[in-house]
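The structure under discussion appears below in the form of structure tokens.
Every read-out reported here was derived from the displayed coordinates using simple, explicitly stated rules and does not represent laboratory data. The shown structure was predicted, so the numbers you read here are calculated from the model rather than taken from an experiment. Cβ coordinates were reconstructed from backbone atoms using ideal geometry, including for glycine residues, and neighbour counts include every protein chain displayed.
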Amino acid sequence: MKSTFLKRVTKRSAMRTAKGAGSLIGNRVVNRVAKRVGAAGLALMTTLSLVACGSASQADVVGPKIRIGIKFDQPGISVEQSGTYSGFAVDTARYVAEKLGYAPKQIVFKQVTSAQRESLLQNGTVDMIVDTYTITKDRQKVVDFAGPYFVAGQDLLIRKTEKSQITSPRDLANKKVCSATGSTSAKIVQDYFPKTTQLMLLNGYSECLTALLSGTVDAVTTDDLILATLAAAKADSSLMVVGHPFTEESYGIGVKKGSAVLVEKINEALKSYVSSGAWQRAIDKATKGTGYKPNPEFNPPTKFDARPSEQIARF
């Protein structure tokens, strides 16, 4: 059976195609009022809604919300400041939600951590997650993915004073490295880094960055895009990304398991996101001033087949 969320998306997509966005707003108003005033009132409201079509502002839009999970502490990617949300993942989420038929006022961003994502989708707390969420075979057992919408690579963030001592994960023997609990980056450390590497797990990468700046750890490891935007946001010239990514990380949009129709609709939205130029504008804005350039071999994505990233490190 379709989930309530998928039914809403399907209905919205059909209504938008048939009558346009203005008509969609009118129909929502008519349906609600019809239950209260009956057939006679419905005729009057139908006339009024048709007159109003095309003139409603965002503030007038009411109805079901779409709940999207993001991290709140990743500058350039997804960050919350005084109730305002910005970053590449946020722009991606808004574009997809609009294509699914939701107005900006209907988007509700929910904070997630790496360790929470699967459970929040499974219990219905969020409808989708757009959160540097790497597509893996293990995760595909419990959630469905659309995308990818970006392909990154795991790298190291270090203090510049140690750039000659740390050039790859091999150099982290007997050193401390920080990553986020529940992340694929942490698993790579456990599986491929020297056995004597000491892994510190924290809730988010901003916390890891603090640990690096204080000297508590020798490096932070996660995807290069995250590291570059974190360092740039701190405007701290004492840090640097090593610049030799050793994995391939395909970011997908996670939804509840069994949502094949929704996945197809999101993929159609992502195709439009890329072809319209909106993807390029969003990534340029997110990485401005960082010196970071997405790998042109994989970006922007051209295949939206949710191919899982190989959890293999090459260095």
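For the range 257-303, filtering for residues that are under 15 Å from the mean Cα position of the chain (by Cα) and among the hydrophobic types (A, V, I, L, M, F, W, C) leaves 8.
Scanning the range 141-176 for residues that are acidic (Asp, Glu) and surrounded by fewer than 24 Cβ atoms within 10 Å (Cβ to Cβ) turns up 144, 162, 171. Cβ-Cβ distances below 8 Å connect the following pairs, each with a first residue in the range 216-238 that is within 22 Å of residue 248 (Cβ to Cβ), a second residue that is basic (Lys, Arg), and a separation of six or more residues or different chains: 219/175; 219/176.
Only one of the listed residues (69, 101, 76) is small (Gly, Ala, Ser), in a strand (DSSP E or B) and touching a helix residue (DSSP H, G or I) at 6+ places or on another chain (Cβ under 8 Å). That residue is 69.
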